[in-house]
Amino acid sequence: MTAAPSTAPLTAVQVLDRCRELVRPELERAVAGLHPWVREMAAYTFGWCEVGGAPATSSGGKGVRQALAVLGAEAVGGPAHAGPRAAVAVELVHAFSLLHDDIMDGDTSRRGRPTVWRAYGTGPAVLAGDALFALAVDTLAEAPAGAAGAVRLLSTALGDLVRGQADDLLFATRPWTGPERVRPEEYRTMAEHKTGALLGCAAALGAALGGAPPATVAALDRAGRHLGIAFQIVDDVLGVWGDPAVTGKPVHSDLRTRKKTFPVLVALDTPAAGQLARLLESGERPDAAAALIERAGGRSAALREARRRIAVAEATLAAVPLQAEAGGELGALVDFLVRREL
């Protein structure tokens with residue numbers, strides 16, 4: 001008797017591709033119901049078209065959040081519709097947040113193209129973001145089961161996201177040193193809200209619509225929040241020391257824009273604070289600032305914190321019963337997201 005050939009586990013890239021292919025038809029159906037002008041802006045946001053509606057081949061992003069939603073549903077053995085529905089809602093909210101973030105931050109490009117507000121105008125971009133947010137809520141409200149709980153999960157994540165964005169904007173107004181400076185622990189809270197809340201919500205939404213018990217839903221939310229902090233901190237490390245060929249940004253890009261990132265804030269809590277603050281304030285010699293941050297322990301502390309958050313996320317996932325295959329794919333996704341620099 002010949003044994004059946006074993007199936008190799010999917011890589012993280014394959015997992016992302018599979019989930020995007022599963023979710024895109026549902027996302028297109030949801031967006032199709034919008035006003036034609038708003039629909040075009042939404043399609044532009046997702047990389048489906050150019051300004052004016054011509055088809056595009058640009059990337060709409062990795063689809064991390066939608067993958068977490070799909071895997072969250074699959075990991076609890078949910079019905080086939082649960083993951084894609086949760087993923088559509090999360091992807092719509094993520095797109096809404098990016099539209100508004102780009103306006104608040106004054107960013108003129110995203111994924112190699114003009115941002116929506118640059119391409120269509122500020123007012124239209126705000127309108128498109130609002131439409132995507134409303135569509136996300138409507139998508140969950142029409143769920144055949146668990147709608148009320150799912151909407152509560154989303155509203156909690158949105159409230160945290162707003163708090164995180166508010167803190168991030170206010171951080172820019174605070175001094176580099178002194179009693180009013182931003183502390184690393186404040187930054188961790190901001191990162192959990194701004195980045196972790198939606199990652200946690202994604203995995204939890206899939207599980208909630210998949211019929212998981214509240215304890216499992218809460219565990220997936222917690223794991224996603226820890227993952228979000230790790231993801232943000234690793235992104236901070238890449239924003240200072242990352243390879244431009246990989247990050248798509250100039251070397252030391254976060255130092256050139258004077259962002260208060262985790263490695264910077266750790267270094268500002270050391271005797272190097274005065275010298276580093278002068279370099280950051282002047283905007284000159286980002287290479288010297290990067291070297292000083294590393295000597296002061298900012299880079300190593302950031303990587304330790306990211307590793308700690310990953311360990312907590314993995315332990316949280318290990319403590320709840322999950323389907324083996326989907327649980328393994330969740331683990332592969334964690335590796336892909338945050339072990340880029342560890």
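The values are calculated or read from the model by the stated rules, or taken from the named source; none is laboratory data. The model shown is predicted, which means the values in this text are computed figures rather than measured ones. Cβ placement follows ideal geometry from the backbone for every residue including glycine, while neighbour counts extend to all protein chains displayed.
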Inset, instruction - Kindly check whether there is at least one residue in the range 105-123 that is among the aliphatic types (A, V, I, L, M), part of a helix (DSSP H, G or I) and touching a Leu at 6+ places or on another chain (Cβ under 7 Å). - result: yes
Inset, instruction - Please list, ordered by first then second residue, the pairs with beta carbon atoms under 6 Å, 6 or more apart or interchain, first in the range 178-191 and touching a residue at least 12 places away in the same chain (Cβ under 8 Å), second part of a loop (DSSP other than H, G, I, E, B). - result: ARG181/PRO175; VAL182/ARG174; VAL182/LYS260
Inset, instruction - State which residue is nearest to ASP138 (Cα to Cα) when the search covers only the range 31-56 and only residues that are surrounded by 20 or more Cβ atoms within 10 Å (Cβ to Cβ) and small (Gly, Ala, Ser). - result: ALA42
Inset, instruction - With respect to VAL162, determine if the residue is part of a helix (DSSP H, G or I), surrounded by fewer than 24 Cβ atoms within 10 Å (Cβ to Cβ), in contact with a Leu (Cβ under 6 Å, 6 or more places away or on another chain) and of a type outside the set (Phe, Trp, Tyr). - result: no
Inset, instruction - Would you be able to say whether some residue in the range 187-195 is at pLDDT 95 or above and either over 20 Å from the mean Cα position of the chain (by Cα) or of a type in the set (Gly, Ala, Ser) (or both)? - result: yes
Inset, instruction - Scan the range 278-293 and report the pairs whose first residue is under 13 Å from ASP254 (Cα atoms) and whose second residue is β-branched (Val, Ile, Thr) and modelled with pLDDT under 95, with Cβ atoms within less than 6 Å and a gap of 6+ or a chain change. - result: ALA290/VAL240
Inset, instruction - Would you mind listing the helices (runs of 4 or more DSSP H) fully within the range 199-256 where at least 2 residues are more than 20 Å from GLY298 (Cα to Cα) and at pLDDT 90 or above? - result: 214-241
Legend entry - Subset of the range 285-342 (residues that are farther than 30 Å from ARG256 by Cα, buried (at least 21 other Cβ atoms within 10 Å of the Cβ) and of a type in the set (D, E, K, R)): GLU329
Inset, instruction - Determine if the range 111-127 includes at least one residue that is modelled with pLDDT of 95 or more and closer than 30 Å to ALA80 by Cα. - result: no
